[in-house]
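Worksheet: one structure, shown below.
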Amino acid sequence: MAASVFSSALYGPLFATGEVGRLWSDSAEVRAMLLVEGALAKVQGAQGVIPELSAAFIHRSSLEVQIDPAGLARDAARNGVAVPGLVTAFRTAIEAPEHAQFAHWGATSQDIIDTGLMLRMRQTLAAIEARLRALLQHLGNAAEAHAETPMAARTYGQHATVTSWGAVLAQWGAPLLEALGQLDQVRAGALWVSLSGAAGTSAALGANSPATRAALAEALNLKDPGRSWHTDRTPILKIASWMAQVVAALAAMGHGLIGHVSSDAGEVTLGTAGGSSTMPQKQNPVAPSVLVALNNHMTGLLATLQQAAPHQYQRDGAAWFTEWMVVPQIALCAASAVETAATLAPNIAPVPVRMREHLGGAGLIYAEPLSFALASRMSRPDAQAATKALVAEAIAQGLPLSTVARTTYPDLPASLFEATNQMGHAPDDARAFARAVAAL
């Protein structure tokens with residue numbers, strides 16, 4: 001088994017990450033750091049911190065130079081960071097010592113690494129947003145179409161009252177819609193530039209360092225936090241928390257689908273599902289299981305990231321290294337969950353016949369409305385007791401609850417035991433969700 005399912009030739013397609021996978025490679029990290037180095041030189045040249053001609057040369061070179069990550073490995077192992085080796089390789093590749101000497105002027109490794117990380121996070125969030133919007137469109141359309149398709153709601157795994165398939169879809173989609181609405185705030189509060197020098201004091205960057213940091217943020221289309229955040233990992237925690245929120249919502253959808261497609265329920269089909277190596281009749285809910293598994297993985301990753309957040313003094317190698325281990329996995333976990341769900345959504349189809357079968361039969365699902373109907377002629381406790389007695393009688397005699405109840409109380413309306421009359425505001429919830437999605 002590969003070290004990561006996301007990069008595995010065997011399991012990678014099962015945990016597909018879409019466009020995001022290419023953003024979390026060594027090559028992508030090197031490219032992001034070079035972009036930061038180039039933008040920093042351009043800004044410093046415009047401010048007169050370094051010669052403008054050298055700045056232009058460094059900036060252009062940062063866009064053209066190709067540096068093999070493998071060539072930086074030995075230096076990274078020795079130094080604990082890749083930036084010293086990267087700067088050396090970059091200066092060599094420029095082949096103009098008179099200009100190359102001004103590269104990485106006043107910055108520290110963490111400035112380059114953290115800012116490069118935020119460039120990749122921005123692209124990751126954009127890719128996740130696009131797939132999330134596609135997923136919500138499918139859920140919204142289906143919720144509208146099935147706003148009044150009745151089915152059994154379940155609590156503790158037991159049939160409870162009547163709801164609609166559209167309302168179930170809305171229940172799964174509402175947290176995703178809310179997460180999408182929070183995304184701009186996450187970007188504003190977390191996609192920060194880092195430029196504070198060796199120990200966060202900006203000493204080597206000069207007296208005008210705040211202006212340099214602000215200009216670098218503008219050049220890279222990131223936010224200027226107005227301070228050093230070398231040991232404040234809040235921005236990364238914010239992004240990870242948002243990703244975990246999305247993955248948890250999709251895991252709830254996965255759990256629900258696993259139940260609805262079970263042999264005992266059979267209320268939903270998933271198109272082409274997974275087969276068994278020995279049982280030809282099986283159609284396993286593979287994609288929903290992936291969603292649940294990804295949430296299990298995310299739970300551990302988020303706990304590790306939280307543990308790594310407190311840094312000792314002005315930089316903490318152990319905490320920082322831990323972050324490197326889990327942040328890419330968090331990003332890929334979120335991307336895989338959204339990609340899996342967006343690919344699955346068009347193939348999710350209800351089986352209304354099976355849904356109605358679970359509402360019929362003994363019809364015990366109408367016990368709650370029956371108890372409230374009886375409460376109009378007796379006290380609520382007495383009505384509940386009478387309903388429990390009727391339920392027990394229906395089970396004992398193998399008769400529908402409606403038959404037993406109307407034998408005892410002939411004036412009960414037949415509509416009391418019709419699913420379409422007992423969905424409450426489920427259809428309204430489904431349509432409200434569909435309208436909200438359409439307004440995106």
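A short reminder: the numbers here are calculations on the coordinates, not readings from a lab. What you see is a predicted model, and the numbers here were worked out from it, not measured in a lab. Neighbour counts run over all protein chains shown; Cβ positions are idealised from the backbone, glycine included.
Remarks
- With a cut-off of 13 Å between beta carbons, the residues surrounding residue 433 carry a summed charge of -2, where Lys and Arg count +1 and Asp and Glu -1.
- Nearest-20 debye value, region 355-424 charge dipole, Cβ charges on Lys, Arg, Asp, Glu: 80 debye
- Relative contact order, whole percent, for the chain stands at 19, derived from Cα pairs under 8 Å and 6 or more residues apart.
- Among (i) 18.6; (ii) 22.7; (iii) 27.2, the entry derived from the coordinates for mean projected area of the Cα convex hull in nm²: (iii)
- Computed over the alpha-carbon atoms, region 239-385 gives an Rg to Rh ratio of 1.21, Rh here being the Kirkwood radius from the mean inverse distance.
- A cut-off under 11 angstrom between Cβ atoms defines the neighbours of residue 144, and their net charge, with Lys, Arg +1 and Asp, Glu -1, is +1.
- Neighbour counts of other Cβ atoms within 10 Å put 105, 192 in the fewest-to-most order 105, 192.
- Shape call, region 190-258: gyration tensor on alpha carbons, a/c limit 1.5: prolate
- Backbone N under 16 Å from the residue 98 label point (7 Å along Cα→Cβ), restricted to region 58-77: 58
- Note on region 1-102: Kirkwood hydrodynamic radius from all Cα pairs is 15.2 Å, rounded to one decimal.
- Taking 338, 353, 290 in turn, the Gaussian network model of the chain (Cα-Cα springs below 10 Å) assigns the largest fluctuation to 353.
- Rounded to the nearest 10 degrees, the inclination of helix 380-397 to the longest alpha-carbon principal axis of the chain is 80 degrees.
- Nearest-ten-degree value, helix 26-46 long axis tilted from longest Cα axis of the chain: 50 degrees
- Highest to lowest packing among 44-54, 376-386, scored as the average C-beta count within 10 Å: 44-54, 376-386
- Inter-label distance, residue 397 to residue 53: 10.3 nm, where each label sits 7 Å from its Cα along the C-beta direction.
- Rounded to the nearest 20 debye, the dipole size of the chain about its Cα centre is 220 debye, using +1 on the Cβ of Lys and Arg and -1 on the Cβ of Asp and Glu.
- The order of 17, 299, 92, 108, going from fewest to most other C-beta atoms within 10 Å of their C-beta, is 92, 299, 108, 17.
- Over region 384-433: Rg over Rh, Cα atoms, Kirkwood Rh: 1.14
- Centre separation in Å (Cα based) which lies between region 53-122 and region 349-386: 69 Å
- With contacts taken as Cα pairs under 8 Å and at least 6 residues apart, region 49-105 reaches a relative contact order of 43 percent.
- Think of it as helices only: each DSSP H run of n ≥ 4 in the chain is worth -39500 (n - 2.57), and spread over all residues that comes to -20000 deg cm²/dmol at 222 nm.
- Amide H contacts of residue 192: 223, each under 5 Å away and 5 or more positions distant or on a separate chain (H built 1.01 Å from N in the peptide plane; Pro and chain starts excluded).
- Region 372-411 shape via C-alpha gyration tensor axes, a/c threshold 1.5: oblate
- Summing charges over all other residues whose Cβ lies under 14 Å from the Cβ of residue 93, with Lys and Arg as +1 and Asp and Glu as -1, gives -1.
- Both radii were evaluated on the Cα set of region 355-424; the Rg over Rh quotient, with Rh as the Kirkwood radius, amounts to 0.94.
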